[in-house]
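Undergrad: After the structure tokens below, expect a handful of questions from me.
Laboratory data are not the source of any read-out in this text; all were calculated from the coordinates shown. Bear in mind the structure is a predicted one, so any value in this text is a computation, not a measurement. Note that we place each Cβ from the backbone using ideal geometry, even for glycine, and neighbour counts take in every protein chain shown.
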Amino acid sequence: MTYCCGVLVRDGLVLIADTRTNAGLDNISTFRKLHIFEEPGHHVLGLATAGNLSVSQSVVSMLHEGVEDHEVGERRQLRDCRTMFQAAQLVGTAIRQVHKVNGAFMEQSNVSFDVSFLLGGQIAGDSLRLYMVYSAGNFIECTQDTPFLQIGEHKYGKPVLDRAVNYDMEISEALKSSLISMDSTMRSNLGVGLPIDVMVVTPDSLRSELIYRIEPGEPYFHDLRERWSAALRSAHASIPKPPYLKNGRPRVVNEA
């Protein structure tokens with residue numbers, strides 16, 4: 001399993017991804033799922049991946065080596081794109097080309113061609129943007145109304161983002177909310193786990209503000225997990241008991 005999320009606020013972009021993959025309880029491995037494409041002053045892009053690992057690795061490798069553009073007869077890389085929209089299109093094209101080569105064989109072996117990506121960042125002359133690209137190569141863009149996107153095992157971390165994230169929040173608060181969302185997912189799904197890769201980009205800097213890996217035992221993340229758990233317990237205790245039970249306990253009717 002995987003959990004990745006991207007938060008795009010006025011102050012910048014946060015991309016966060018776990019690194020755990022597993023094919024059973026006795027086959028757990030660590031693979032990077034947040035890939036950086038950066039040329040300071042020209043572009044800074046982060047690509048988070050979820051789904052079939054062989055498919056996502058093939059797509060990432062193709063984006064590094066170049067995606068064949070049959071119309072002009074040459075290979076194109078992300079650095080060749082002039083806008084983030086073109087970059088999202090290129091990721092979609094790479095997915096479709098990998099499917100064209102491997103899709104039928106995977107289907108014959110009952111292996112699902114299941115993959116999704118978060119692409120976020122900025123290209124010189126364009127604005128800071130965030131996209132989710134699906135396994136068919138189509139994509140959607142993050143908006144100010146809902147300034148976050150998720151892929152993978154997203155249901156456990158979504159309530160935190162729904163309640164906490166808004167477009168006008170500071171980038172540090174967006175990062176904190178993303179980490180709490182990741183912790184909530186890890187608590188409920190053992191298929192998501194440390195280390196965690198984090199990327200932060202601020203508008204018009206055209207370089208990464210932060211690229212960081214959170215390892216097991218990292219002091220801040222450990223403290224965040226403990227504080228969040230304690231805050232939830234405190235909030236639960238502070239809410240009055242439901243008034244639907246007499247004296248706070250169910251009434252037992254003895255029919256004998």
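Undergrad: Can you tell me which of Arg207, Arg225 is surrounded by 10 or more Cβ atoms within 10 Å (Cβ to Cβ), more than 23 Å from Leu119 (Cβ to Cβ), touching a residue at least 40 places away in the same chain (Cβ under 8 Å) and over 18 Å from the mean Cα position of the chain (by Cα)?
TA: Just one listed residue meets the conditions, Arg225.
Undergrad: Let me ask something else. Of everything in the stretch 39-66, what is of a type in the set (Gly, Ala, Ser), more than 23 Å from Leu149 (Cβ to Cβ) and touching a strand residue (DSSP E or B) at 6+ places or on another chain (Cβ under 9 Å)? Give them in sequence order.
TA: Hit for the stretch 39-66 is Gly66, nothing else.
Undergrad: Only one of these is closer than 25 Å to Asp197 by Cβ, of a type in the set (Asp, Glu) and touching a strand residue (DSSP E or B) at 6+ places or on another chain (Cβ under 7 Å): Asp69, Asp114. Name it.
TA: Working: Asp69 fails: closer than 25 Å to Asp197 by Cβ.
After ruling out the rest, the residue left standing is Asp114.
Undergrad: Regarding Pro242, is this residue in a loop (DSSP other than H, G, I, E, B), out of contact with any strand residue (DSSP E or B) (no Cβ under 6 Å at 6 or more places or on another chain) and not basic (Lys, Arg)?
TA: yes
Undergrad: Based on this model, can you work out whether Ser172 counts as closer than 23 Å to Gly46 by Cβ and touching a strand residue (DSSP E or B) at 6+ places or on another chain (Cβ under 7 Å)?
TA: Here the answer is no, as Ser172 does not meet what is asked.
Undergrad: State yes or no: is Tyr212 without any contact (Cβ under 8 Å) to a residue 60 or more places away in the chain and touching a strand residue (DSSP E or B) at 6+ places or on another chain (Cβ under 8 Å)?
TA: Here the answer is yes, as Tyr212 does meet what is asked.
Undergrad: Is it the case, given these coordinates, that His43 is closer than 18 Å to Phe117 by Cα and touching a helix residue (DSSP H, G or I) at 6+ places or on another chain (Cβ under 7 Å)?
TA: No; evaluated as a whole, the condition is false for this residue.
Results for (1) within 14 Å of the chain's Cα centre (by Cα); (2) crowded, with 19+ Cβ neighbours inside 10 Å, shown as yes or no for each residue.
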| site | (1), (2) |
| --- | --- |
| Cys142 | yes, yes |
| Phe148 | yes, yes |
| Tyr156 | yes, no |
| Asp162 | no, no |
| Val165 | no, yes |
| Glu173 | no, no |
| Lys176 | no, no |
| Met182 | yes, yes |
| Thr185 | yes, yes |
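Undergrad: Next question, about the same structure. Out of all the residues in the stretch 104-138, which are under 20 Å from Leu63 (Cβ atoms) and part of a loop (DSSP other than H, G, I, E, B)?
TA: Listed by number, the residues that qualify are Phe113, Asp114, Ala124, Asp126, Leu128, Tyr134, Ser135, Ala136, Gly137, Asn138.
Undergrad: Still on this structure: Among what's in the stretch 1-58 and is without any contact (Cβ under 8 Å) to a residue 40 or more places away in the chain, of a type in the set (Gly, Ala, Ser) and in a loop (DSSP other than H, G, I, E, B), pick the residue that is surrounded by the most Cβ atoms within 10 Å (Cβ to Cβ).
TA: Only one residue fits best here, namely Ala23.
Undergrad: Okay, next question. Taking into account only those residues within the stretch 70-108 that are in contact (Cβ under 8 Å) with a residue 24 or more places away in the chain and among the charged types (D, E, K, R), which is surrounded by the fewest Cβ atoms within 10 Å (Cβ to Cβ)?
TA: Restricting to residues being in contact (Cβ under 8 Å) with a residue 24 or more places away in the chain and among the charged types (D, E, K, R), the top hit is Arg82.
Undergrad: Tally the residues that are closer than 19 Å to Val44 by Cβ and not in a loop (DSSP other than H, G, I, E, B), restricting the search to the stretch 70-93.
TA: The number of residues fulfilling the criteria is 12.
Undergrad: Within the stretch 164-212, how many residues turn out to be farther than 11 Å from Val7 by Cβ and in a loop (DSSP other than H, G, I, E, B)?
TA: 15
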